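For reference, the structure is listed below as structure tokens.
The values are calculated or read from the model by the stated rules, or taken from the named source; none is laboratory data. Here the structure is a predicted model, which is why all the values come from computation and not from measurement. Note that we place each Cβ from the backbone using ideal geometry, even for glycine, and neighbour counts take in every protein chain shown.
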Amino acid sequence: MKFGVVIHKPTMNLGDDIQTYAAAKLLPHVDYQIDREYISDFKSENDEPVAVIMNAWWMWKKWNWPPADCIIPKLLSMHINNYGVARKSSPIYAEWAQGCGGEFFKKYGPVGCRDMASLDFFKEQGIDCYFSGCLTLTIPKQEKTEDAGTYVCLVDLNDKIRAKAMEYLKDTGLEIRVISHNCDYRKSNATFEERMAKAEEILTLYQNAKFVITRRLHVTLPCLALETPVLSIVDLKDAEGNGTRWGCYMDTVRCIDNEDFLSGNFEYDFNNPPENKKGYLALREKLIQDVQDFVAEYENCDLPLEQVRKTTYTPLERLEWQNNMKTEVLEKWLKKSRKLLDDKKLFEKKYKDTLKNLRKYKKYVDELQSQGIISEIKLPDVEDTPKSEQQLQRDAFKNKIWKKIKKMF
């Protein structure tokens, strides 16, 4: 049987390609690269079955799930994104894991999740799942270079953290290399081989660093696999973001909160960085074994698709379900949007009424000022001299005006 990997073609984060690289290194050969966001549209040659490791960040376009019928998956190291429309994703939340989408997960499960939030998501849908860890923990060691051990990598740190890191490193004698995983393949013509070579290039950089300091999960986990000491600087107070992605690895990585790093409230020897913790090794070995078993099951399999496919829906039923799901979700979303639009109209009316009242008030105050009845609205905070009777009368008049203003709102 042919093998395939999942790739996010227009990625802006090298971490996506590093995940693809990890899968490719565990397969005997890569015959297909499947576009993650259009996985339901994938077509193999002569509709032949393709065994695919499904480790990836899933996904912006959830309406393109489930995958094409020819994909025989290993559901491993999956992360489920639930950004929603606020993050330019879709209004689909759990609907894609129901109906035909849910059948795909259930027939080919259990689902291996790389974080607790994804695990909770599948449990909520009644889908068999387990914590597998991330496939980047299996990345093989890279070649040694002549400059091995002479530099430290600072990867995608914010300005304050990076400046503080440089301060801590100033007496180490190490070269400081500032690295970023930001990239832009949206309009790129780079081939799959070129992209994997780029991923390998940056992994080789990490392999030969004295140690690495980063905020990125897909720098930290590959460094564990490469046995390069890594220090992760993370906003641990971000429970819904970093907490869900990093929480399951906290016993495995050396992690410092942003504020603690800036204040120096931590212990770490920058001259002699400690080795990484070994808690990840069991996950690594299990991941490698699971993929090896998957490869052994299908490598010499020449059965037709009908005999290896586990789902029961027809291509037409899948398309109908996808269309109905999109329609139902959009109707719900539009209903909420209409309510928001109504609220917006009410707010605009209140805003216009407020402006109208303010104009009336300003005209009234201007007239009083022109007659010399009042000179200013704002009262001094401190009075050094006793007020005259006339001043007291004016203050009382001003307070009366302010009460009228408050009633307007």
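Below, the figures for the structure above:
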{"read-out": "Pairs where the first residue, in segment 139-150, is in the same structural domain as Thr228 (by TED's automatic domain parsing) and closer than 22 Å to Ala24 by Cβ and the second is of a type in the set (S, T, N, Q) and part of a loop (DSSP other than H, G, I, E, B), C-beta under 9 Å, 6+ apart", "value": "none"}
{"read-out": "Leading residue by the ranking (surrounded by the fewest Cβ atoms within 10 Å (Cβ to Cβ)) among those in segment 256-280 that are in contact with a helix residue (DSSP H, G or I) (Cβ under 7 Å, 6 or more places away or on another chain) and hydrophobic (A, V, I, L, M, F, W, C)", "value": "Phe266"}
{"read-out": "Candidates Ile202, Ile161, Ile176, Ile127, filtered to the one that is in the same structural domain as Lys106 (by TED's automatic domain parsing) and modelled with pLDDT of 95 or more", "value": "Ile127"}
{"read-out": "Filter result for Thr191 (of a type in the set (Val, Ile, Thr), touching a residue at least 24 places away in the same chain (Cβ under 8 Å) and closer than 27 Å to Val291 by Cα)", "value": "no"}
{"read-out": "Where Met166 falls short, out of the listed (1) at negative phi; (2) exposed (fewer than 14 other Cβ atoms within 10 Å of the Cβ)", "value": "(2)"}
{"read-out": "Condition met for Leu303 (assigned to a helix (DSSP H, G or I) and surrounded by fewer than 13 Cβ atoms within 10 Å (Cβ to Cβ))", "value": "no"}
{"read-out": "Verdict on Phe270 being of a type in the set (Phe, Trp, Tyr) and not in a loop (DSSP other than H, G, I, E, B)", "value": "no"}
{"read-out": "Yes/no for Cys134 being touching a Ser or Thr at 6+ places or on another chain (Cβ under 9 Å), under 21 Å from Met250 (Cβ atoms), surrounded by 14 or more Cβ atoms within 10 Å (Cβ to Cβ) and without any contact (Cβ under 8 Å) to a residue 60 or more places away in the chain", "value": "no"}
{"read-out": "Only listed residue being touching a residue at least 40 places away in the same chain (Cβ under 8 Å), under 23 Å from Ser180 (Cα atoms) and buried (at least 20 other Cβ atoms within 10 Å of the Cβ), chosen from Val234, Val212, Val253", "value": "Val212"}
{"read-out": "Lone qualifier among Tyr185, Tyr151, Tyr168, Tyr108 - being modelled with pLDDT of 95 or more, closer than 19 Å to Pro73 by Cα and not hydrophobic (A, V, I, L, M, F, W, C)", "value": "Tyr108"}
{"read-out": "Test set (1) in the same structural domain as Asn258 (by TED's automatic domain parsing); (2) closer than 21 Å to Gly15 by Cα; (3) acidic (Asp, Glu) - Glu167 fails condition number", "value": "(2)"}
{"read-out": "Subset tally (residues that are in contact with a Pro (Cβ under 8 Å, 6 or more places away or on another chain) and at positive phi) for segment 136-154", "value": "0"}
{"read-out": "Residues that are in a helix (DSSP H, G or I) and either over 21 Å from the mean Cα position of the chain (by Cα) or surrounded by 12 or more Cβ atoms within 10 Å (Cβ to Cβ) (or both), drawn from segment 117-128", "value": "Ala117, Ser118, Leu119, Asp120, Phe121, Phe122, Lys123"}
{"read-out": "Scan of segment 187-224 for residues that are farther than 20 Å from Val5 by Cα and either part of a loop (DSSP other than H, G, I, E, B) or small (Gly, Ala, Ser) (or both), ordered by number", "value": "Lys187, Asn208, Ala209, Lys210, Arg215, Arg216"}
{"read-out": "Candidates Val295, Val329, Val291, filtered to the one that is surrounded by 11 or more Cβ atoms within 10 Å (Cβ to Cβ), β-branched (Val, Ile, Thr) and outside the structural domain of Lys62 (by TED's automatic domain parsing)", "value": "Val329"}
{"read-out": "Test: residue in segment 71-92 that is over 22 Å from Lys286 (Cα atoms), surrounded by 19 or more Cβ atoms within 10 Å (Cβ to Cβ) and modelled with pLDDT of 95 or more", "value": "yes"}
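So that you can scan it fast, the table gives a plain yes or no per residue for (1) among the aromatic types (Phe, Trp, Tyr); (2) closer than 27 Å to Thr214 by Cβ; (3) surrounded by 15 or more Cβ atoms within 10 Å (Cβ to Cβ):
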| position | (1), (2), (3) |
| --- | --- |
| Ala97 | no, no, yes |
| Tyr108 | yes, no, yes |
| Tyr130 | yes, no, no |
| Ile139 | no, yes, yes |
| Gly149 | no, yes, no |
| Asp171 | no, yes, no |
